[in-house]
Amino acid sequence: MSKPIKVAFVALGCAKNLVDSEKMLGQLAEAGVAITADQADAEVIVVNTCGFLQAARAEAHEEIRRAIRMKKRGRCRRVVVAGCLVQRDGEKLLDDVPGIDALVGVHQRDDVVKAALDLPPASRTKGKKPSRKAPDLYLGEYHPYVALDTSRLRITPRHYAYLRISEGCNQKCTFCTIPAIRGPMHSKPPEVVLAEARELIADGAVELNLIGQDTSSYGADLESSGGLADLLRRLDKLDGLRWLRLLYTYPTSLNDTLIEAVAECARAVKYIDVPLQHINDRILKAMHRRVTRQQIEQLIKRIRTRIPGVALRTTLIAGFPGETNAEFAELMEFVREMRFAALGVFPYSPEPDTPAGRMKDQLPEPVRQERTGALMAVQQGIAFADAAARRGEVFDVLIEQPVKTGQYAGRHAGQAPEVDSVTYVLGKGLTPGQLVRVECLESQGYDLIASPAEVKLKKN
């Protein structure tokens, strides 16, 4: 009996791309390959790329080059590149990084097994005769359905998972390449989402993080859909689930019905991620966000009124083309006033194929970086103060992993995996996925230090 082919897998990019990576890993495992973490021991290396920003593309290029170097000097015989960068650049990637053996676009994700195992390819490079030296191409256009994400070999810890409810985006923000890469928005039917949720829970997940390019528009393309609010209520009834988290909402589709559902669903953590990008009306219009400062402020007020203590997370862009000193100062003051629980800032990244990339008055990179740092400095002061103020509070923490003897990393409901701060729990005998009631002892920068809360019996 022949030994299985060893495949190493490099997963880059956001949570949506991570789901694709997990699905591809599951397909490879089902095909009988042996997954290895050691690229030096692999016969095939698959790199699932991100192509959203220039920094992500640079990272992807470096990972691909590393894999090709392994092929030249190691036992690796094949390098397969998949994901958003492939969908964005297509065959141009073969010239940018020579040595790639196969390209797999996002819409051909399920061809990864054929690409990795060198089965008969879908097509060959144009103008060349079929040969072992011609890279295999699995490239195609958008198709109007969401691929199933069942039977994943998960990269995340067993106790939490990402549940993709939709793919693509219709918002057409002027700075964004996602619609060109992932296509228009299309939602998974509710029964498909529920089936995937049950599978993840059966596999040990007690926390499900709902993702998509625009989750709050979920169901707009489905007949007889109650939207995300209805889906949230149905997910809330699933046995074995402890936490439901809402990520990647869009301000214009984050309506009162959805806010009400988050408030009322027992398993929905009181946490909403709503990327705002900016607050100045002129910049918002130039970004084609289709929302005004007044509407954003009213939305935040409604969320905080209906969901007291809610953790609001947002992301912003610093240095958008033409952003004046006064417009940036307005954004800084907005951050000070709103006191978000968590905030990420991206320096504007000029993308040549976007309307914003063609705008005049592109700001120099040092200015963009400086403004990014200034915004993060403001947020750091807010986050540090808010963390310090939690001393003495009692709350639940989901244990992630042991850090050292007597200390575990975990997260409370206001801390999303991978992107937010953590809570360190002092104790013994705790296990990943366990929900523990703790008391906050102190803060350490963004993070909290806590210990299991003492059970105090009521006196008769």
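The values are calculated or read from the model by the stated rules, or taken from the named source; none is laboratory data. Computed from a prediction, not measured in an experiment: that's the story for all the values here. Here the Cβ positions follow ideal geometry from the backbone for every residue, glycine too, while neighbour counts run over all protein chains shown.
Numerical summary
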{"read-out": "Unmet requirement for ARG57, which otherwise passes all of (1) surrounded by fewer than 19 Cβ atoms within 10 Å (Cβ to Cβ); (2) more than 15 Å from the chain's Cα centre (by Cα); (3) within 18 Å of CYS84 (Cα to Cα)", "value": "(1)"}
{"read-out": "Boolean, GLN362 is modelled with pLDDT of 95 or more, within 21 Å of GLN54 (Cβ to Cβ) and not in a strand (DSSP E or B)", "value": "yes"}
{"read-out": "Hits in segment 60-105 (condition: on the phi > 0 side of the Ramachandran plot and buried (at least 23 other Cβ atoms within 10 Å of the Cβ))", "value": "GLY83"}
{"read-out": "Any pair with Cβ under 7 angstrom, 6 or more apart, that starts in segment 272-295 at a residue that is closer than 30 Å to ALA413 by Cβ and ends at one that is of a type in the set (Lys, Arg)", "value": "ASP273/ARG313; GLN277/ARG289; ILE279/ARG293"}
{"read-out": "The one condition in (1) within 17 Å of the chain's Cα centre (by Cα); (2) part of a loop (DSSP other than H, G, I, E, B) that ARG75 fails to fulfil", "value": "(1)"}
{"read-out": "Pick from segment 247-286, criterion of a type in the set (S, T, N, Q) and under 23 Å from the mean Cα position of the chain (by Cα), ranking: farthest from PHE328 (Cα to Cα)", "value": "ASN255"}
{"read-out": "Residue within segment 306-327 that is part of a helix (DSSP H, G or I) and under 27 Å from the mean Cα position of the chain (by Cα) present", "value": "yes"}
{"read-out": "Residue match in segment 29-47 (condition: without any contact (Cβ under 8 Å) to a residue 60 or more places away in the chain, farther than 18 Å from ILE5 by Cβ and surrounded by fewer than 16 Cβ atoms within 10 Å (Cβ to Cβ))", "value": "no"}
{"read-out": "Scope segment 198-207; condition surrounded by fewer than 23 Cβ atoms within 10 Å (Cβ to Cβ) and closer than 25 Å to VAL419 by Cβ; matching residues", "value": "GLU199, ILE201, ASP203, GLY204, VAL206"}
{"read-out": "Odd one out for ALA34, checked against (1) within 23 Å of the chain's Cα centre (by Cα); (2) closer than 21 Å to THR156 by Cα", "value": "(1)"}
{"read-out": "Residue satisfying all of: in segment 383-426; on the phi > 0 side of the Ramachandran plot and of a type in the set (Gly, Ala, Ser); surrounded by the fewest Cβ atoms within 10 Å (Cβ to Cβ) among these", "value": "GLY392"}
{"read-out": "Residues satisfying the stated conditions in segment 4-20, i.e. closer than 21 Å to MET70 by Cα and of a type outside the set (Phe, Trp, Tyr)", "value": "PRO4, ILE5, LYS6, VAL7, ALA8, VAL10, ALA11, LEU12"}
{"read-out": "Positions within segment 355-379 being closer than 30 Å to LEU448 by Cβ, touching a residue at least 24 places away in the same chain (Cβ under 8 Å) and out of contact with any strand residue (DSSP E or B) (no Cβ under 7 Å at 6 or more places or on another chain), in sequence order", "value": "ALA374, VAL378"}
